[in-house]
Amino acid sequence: MERGHRVSKELSNNTKPLRPAVTDRIADHQDVLLVDDSTFIHDLIKRRIGTEALTIHSAMDGERGIAMAESIRPALILLDLNMPGMDGFQALRRLMNSPKLSDTQVIVISASDDTEDKVAGLELGACDYVTKPFNLPELRARMRSALRTHELLTLLAERAQVDGLTGIGNRSCFDERIDEEVSHRIRTDADLTIAMCDIDLFKQVNDTYGHAAGDEVIRGIAKIFNRLLRKSDIACRYGGEEFAIMLRDTCVQRAIPVLDRIRKQLEQTRWPSHPEHTVTCSFGICDHPSGDAKNPTDWIKTADEALYAAKHAGRNRIYVGNGSGMQSSLKIAS
Ligand SMILES: [Mg+2]
């Protein structure tokens, strides 16, 4: 009871928005790649523009520039047009077609003052065109502008993956991450547990205490996830009152204590708008899907079937689906 009271106080006092779990990847340090065949330009830009917050990487030709860009994924590329071998236009076309570089900005730097070259560079997707010999303060200002655009694009892409109510990842974030996690598991044979979690009888909360109370419960559960999951775990709001969690490098035996702490914490939470009404969650988890282990959908389906069985068995429990037939493989974890 005492613990429940403490949690209730924490929930009611904390009006801060939840930490946006997927927005903290934005770098306070940025990488710029200079692709130019002139060592003089490399020396000049490194000396006069590189700072602690801005690392300038160097490539002396287009081929090397593309390879480095795909590996570093810089915020900005300064690209010379006139280079031996692959010229700047060819390099620009390839950079623009690389899915890894969709947010990377490109400024063409060229000795050519020809309008056709400028138009071609901008039409191919460069954000700016600066002629050599350049004025350093002007180049710096144009670079700052391109870096701001990159930061905004990154922020937009990240925001598109954050759930507005809870600040944790949304469905689109989960869909993207599960693809990566399942591929990683196949490549490395590392453990992976997928958990689907659903709030028990959530409709009762909404119907009895109103939608604001329902929202408070969804936010509160996300907050418990943020507090009790490990750094390597990824929790997302899958939709409505359903959450999906990826527990990386974790088999179900190790996932169960982690999730059971969440289950118990939730059971003990007293909610400010309905302290007399306890909220619980059911979990369905799996570390082997019942279908194709390479297919993320089969992982979700197996965990979902276990969740359904947990609900059917009385809710507020964790069920495991191990991929070899639901009825025989289920066990009550708590
Ligand atoms: Mg050149």
* Asked: What are the pairs, 6+ residues apart or on separate chains, where a residue within the stretch 106-134 that is under 21 Å from residue 149 (Cβ atoms) has its Cβ under 7 Å from a residue that is crowded, with 17+ Cβ neighbours inside 10 Å and polar (S, T, N, Q)?
  -> 127/105; 131/110
* How many residues does the stretch 224-262 hold that are of a type in the set (Val, Ile, Thr) and within 17 Å of residue 306 (Cα to Cα)? -> 3
* Structure fact -> If we take the stretch 70-187, then helices (runs of 4 or more DSSP H) inside it with 1 or more residues that are over 23 Å from residue 59 (Cα atoms) are 115-124, 136-159
* Structure fact -> Across the stretch 256-303, the tally of residues that are within 16 Å of residue 224 (Cβ to Cβ) and out of contact with any helix residue (DSSP H, G or I) (no Cβ under 7 Å at 6 or more places or on another chain) stands at 7
* Asked: Taking the stretch 71-111, which residues are acidic (Asp, Glu) and over 26 Å from the mean Cα position of the chain (by Cα)?
  -> 80, 87
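Right, residue 176: among the charged types (D, E, K, R) and surrounded by fewer than 18 Cβ atoms within 10 Å (Cβ to Cβ) or not?
Yes.
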* Hey, residue 282 under 30 Å from residue 183 (Cβ atoms) and in contact (Cβ under 8 Å) with a residue 12 or more places away in the chain or not -> yes
* To do: Those residues that are of a type in the set (S, T, N, Q), surrounded by fewer than 21 Cβ atoms within 10 Å (Cβ to Cβ) and more than 14 Å from the ligand (Cβ to nearest atom), I need them from the stretch 80-128; list them, please.
  => 97, 98, 102, 115
* Kindly establish whether residue 186 is loosely packed, with under 13 Cβ neighbours inside 10 Å, of a type in the set (Val, Ile, Thr), touching a residue at least 24 places away in the same chain (Cβ under 8 Å) and over 19 Å from residue 307 (Cα atoms). => yes
* Cross-chain or 6+ apart pairs with Cβ under 9 Å, the stretch 38-53 first and more than 17 Å from residue 135 (Cβ to Cβ), then more than 14 Å from the ligand (Cβ to nearest atom) and of a type in the set (S, T, N, Q) -> 53/30
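Where a number appears in this text, it was derived from the coordinates with a stated rule and is not lab data. Bear in mind that the values here come from a model prediction, so they are computed numbers and not experimental data. For neighbour counting, all protein chains shown are included, and Cβ atoms are generated from backbone atoms with ideal geometry for every residue, glycine included.
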